[in-house]
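These notes concern the structure reproduced below.
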Amino acid sequence: MRKLSSALVIYAIVLCWLILTLFPFIWLFLLSLKTSQQAFRLPPLWFFQPTSHNYVDLVLNTDFVRFFGNSIIVAVGTVILSLLLGAPAAYAFARARFRLARTAFLWTLIVRMAPGMCYVIPFFVIYHRLGLLDTPIALIILYSVFNLALVIWSMHTFFSEVPVTLEEAARVDGASILQVFIRIVLPLSGPGLAATAILCFLFSWNEFLFALIITRNFARTAPLAIVNFIAYEGAEWGRIAAGSILVIIPVIVFSFLVRRYLVRGLIVGAVKG
């Protein structure tokens, strides 16, 4: 009976946590399936005839699909560029033996020490002079700059855990440093790559401030498109809810694809970091 009581308490706590966590998403999903008249009925309607009008209207009568594609391009491009630059840098810091290596490693965090608003004007001026305003490449470069510190610090932990003897054995067999890094170190650090990739994806996918300042119309991202449905006359809550659900889906899909490595990567990073 004591074990049963303990199990019931644990299940009750987990159930309450799930309800608190999932309730906003359930409410948002139900709102996206309601008409304008049903959306603000009091008391709220829990049982109703669902409609796909909000999704159809969002796709056919707005530019949301184009902005959604911009978000995918920017997020995927940011993840690729951040890992291409940050992973080798993290490996170099993990194997560095010079005197100022630790100091240089700590200074990689300087870009994350100030609020993002401090960087808006410098980047805006630079992009204006280079003609990169309102382009996806501008956001990719900007997000990669901020993600580099995250990639370096996250991957440094995993690279430090790879036995140096494996690398030495490969070097004795004639492998170059690049071959050792690609064929030995990276496969052994798969969980770290997955965890770091999804964190970079989330940052670039949900970012709002820089996208608001750097873009105009051509490179506008999905979060900005959703905000534009709020006007002085009122808010189009059906479009907002449908757009929010569509924005959530890629994150869930990406997390599902890397789920085998994500939990392990986050736990190892927490323990060793």
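Just so it is clear, none of the values below were taken in a lab; they were calculated from the coordinates. What you are looking at is a predicted structure, and each value in this text was computed from that prediction instead of being measured. Cβ coordinates were reconstructed from backbone atoms using ideal geometry, including for glycine residues, and neighbour counts include every protein chain displayed.
List of remarks:
- Contact order normalised by residue count of the range 34-159, Cα under 8 Å, 6+ apart, percent: 38 percent
- Value of relative contact order over the chain, rounded to a whole percent, pairs C-alpha under 8 Å and six or more apart: 30 percent
- Charge tally for residue 28 (other residues, Cβ to Cβ under 13 Å; Lys, Arg +1; Asp, Glu -1): +2.
- Angle in degrees between helix 117-130 and the longest Cα principal axis of the chain, rounded to the nearest 10: 80 degrees
- Under the simplified labelling scheme, the residue 56-residue 216 pair shows an inter-label distance of 3.6 nm, with each label point 7 Å from Cα along Cα→Cβ.
- Relative to the longest principal axis of the Cα atoms of the chain, the long axis of helix 64-95 makes an angle of roughly 20 degrees.
- Structure-derived mean projected area of the Cα convex hull in nm² - corresponding label in (1) 26.4; (2) 22.0; (3) 17.7: (2)
- Shape index of the range 19-176: Rg/Rh, with Rg the Cα radius of gyration and Rh the Kirkwood radius from the inverse mean 1/r over Cα pairs, equals 1.17.
- Based on Cα contacts under 8 Å between residues 6+ apart, the range 96-197 shows a relative contact order of 27 percent.
- For the chain, the longest principal axis of the Cα atoms and the long axis of helix 136-161 meet at an angle of about 50 degrees.
- A DSSP coil position with no more than 12 other Cβ atoms inside 10 Å describes the following trypsin sites (Lys or Arg not before Pro) in the range 1-68: 41.
- The Rg/Rh ratio for the range 69-139, using Cα coordinates for both the radius of gyration and the Kirkwood hydrodynamic radius, is 1.06.
- Net charge, residue 167 excluded, C-beta distance under 15 Å - Lys, Arg +1, Asp, Glu -1: +1
- For the range 1-51: rounded, prolate or oblate by the Cα gyration tensor [a/c cutoff 1.5]: prolate
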